[in-house]
1. Do we have Arg158 as at pLDDT 95 or above and among the basic types (Lys, Arg) here?
2. Being at pLDDT 95 or above and of a type in the set (Gly, Ala, Ser) is the filter; apply it to the stretch 312-336 and report the residue that is nearest to Ala106 (Cα to Cα).
3. Looking at Ile255, Ile229, can you tell me which residue is within 24 Å of Gly143 (Cβ to Cβ) and surrounded by 16 or more Cβ atoms within 10 Å (Cβ to Cβ)?
4. How many residues are buried (at least 17 other Cβ atoms within 10 Å of the Cβ) and under 20 Å from Trp164 (Cα atoms) if we restrict to the stretch 194-225?
5. Tell me, which residue of the stretch 39-48 that is surrounded by 15 or more Cβ atoms within 10 Å (Cβ to Cβ) and among the charged types (D, E, K, R) is farthest from Asp288 (Cα to Cα)?
6. If we keep just the residues of the stretch 39-65 that are within 11 Å of the ligand (Cβ to nearest atom) and of a type in the set (Asp, Glu), which is nearest to Ala87 (Cα to Cα)?
7. So, in the stretch 124-148, exactly how many residues are touching a Phe, Trp or Tyr at 6+ places or on another chain (Cβ under 7 Å) and either surrounded by fewer than 21 Cβ atoms within 10 Å (Cβ to Cβ) or of a type in the set (A, V, I, L, M, F, W, C) (or both)?
8. Could you please give the count of residues in the stretch 236-251 that are in contact with a helix residue (DSSP H, G or I) (Cβ under 8 Å, 6 or more places away or on another chain) and more than 16 Å from Glu275 (Cβ to Cβ)?
Amino acid sequence: MIIKTAILGYGRSGSTLHADPIEKSADFQLVAVCDIDEQARQKAFQRFGCKLYENHLDMLAGEDLDLVVVVTRSDQHAAMACDCLKAGKNVLVTKPWAADYAQAGAMMKQARSSGKMLLPWLPARWGCDLLRLKALLASGIIGRVFQVRRSEYAFGLRNDWQIWKKYAGGYLLNWGPHLVDQPIQLLEASIKTVYGEMRQINNPGDVEDVFYAVMKTTDDILIVSEYNIAAGATPNWMIQGDRGTIYVHQDQITIHQAAFAPPDRDGYRSPVQMETTCETVSGNRYGDQFAIYQHIARALQGLEPYQVTPASAAGLTRILDAVRTSSEQGKVIHLS
Ligand SMILES: NC(=O)c1ccc[n+]([C@@H]2O[C@H](COP(=O)([O-])OP(=O)(O)OC[C@H]3O[C@@H](n4cnc5c(N)ncnc54)[C@H](O)[C@@H]3O)[C@@H](O)[C@H]2O)c1
């Protein structure tokens with residue numbers, strides 16, 4: 001079955017991350033694009049010769065579609081996804097799929113009553129570093145993990161809608177779906193407490209460009225996720241176990257393993273031998289969109305379940321809400 005697809009929002013992400021795999025895959029046919037911007041529509045027409053719409057409700061009423069991909073501004077996703085589901089279309093929603101937990105709940109309710117598929121897009125769950133780290137931890141190479149740090153950084157300056165709260169901008173919603181989610185996926189953990197800090201350092205606008213999320217899992221592992229707009233270089237991952245540490249800088253993984261010998265003759269300490277190994281991880285750290293679209297095709301064709309369940313995306317949204325609430329109120333949020 002060919003999946004008749006429309007892209008709603010043909011901007012930076014819609015015209016690349018999504019249009020590229022749709023164009024390349026024989027499972028998809030791009031039949032329509034909706035964008036309020038004339039130039040974006042013309043770009044799509046020149047590339048695909050597809051139908052064009054300015055208003056998504058007209059597109060939903062006028063087209064026989066198996067999938068709508070929502071890639072508009074972050075404040076628009078949930079309401080547009082609900083419109084798609086109401087019109088009887090399956091919908092893939094880019095991150096952040098919702099600006100808050102109430103919006104996530106509304107989409108899930110609409111999906112249940114429409115009987116259509118609601119597919120949250122969280123591509124970093126297929127990140128090559130995350131997948132390699134999962135295998136390393138499963139091998140026991142650093143022993144029992146007690147702390148995970150995940151960070152991204154840049155000296156950046158943005159000037160688009162992402163700097164405004166009214167458009168659901170800000171780095172928590174922009175980067176949190178990658179950086180808060182990945183360590184949780186790595187540990188397959190549930191979060192019990194959240195402490196958040198948000199700062200506006202470089203960007204104009206009225207939202208944060210730095211955030212810290214300090215989370216404790218139900219197994220008492222500490223996770224610290226951070227986006228920092230005023231840092232030149234920090235490790236992207238630091239994973240600490242009782243027998244070693246793993247650092248990741250971009251595609252470079254460094255593993256320090258500790259081996260403890262029996263205590264010294266005077267008995268007050270055990271000598272430790274450290275061994276360091278390095279490797280390079282290849283692939284896309286934020287997920288291979290071509291491979292993910294193959295999975296989406298198989299999910300829509302009923303051949304396998306879609307791996308990012310709405311419930312897990314809603315759980316992530318709840319944690320992001322808690323980071324914001326904690327930062328605003330200066331207290332630890334208990335999730336149970
Ligand atoms: N790795 C990822 O998954 C990833 C990467 C980048 C962006 N994103 C997400 O994609 C979304 C879009 O980001 P972007 O950088 O492409 O933004 P963008 O501004 O380049 O694109 C948004 C598009 O939506 C269009 N639009 C706005 N209102 C509309 C409406 N009412 N109807 C139809 N079209 C409308 C705009 O004209 C624009 O072309 C954001 O939510 C962002 O978080 C995800």
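The values are calculated or read from the model by the stated rules, or taken from the named source; none is laboratory data. In this text the structure is predicted, and so the values were computed from the model without any measurement. Cβ placement follows ideal geometry from the backbone for every residue including glycine, while neighbour counts extend to all protein chains displayed.
1. no
2. Selected residue: Ala314.
3. None of the others qualify; the one that does is Ile255.
4. Residues in the stretch 194-225 being buried (at least 17 other Cβ atoms within 10 Å of the Cβ) and under 20 Å from Trp164 (Cα atoms): 10 in total.
5. That would be Arg41.
6. Asp58
7. Here the count works out to 2.
8. Result for the stretch 236-251: 5.
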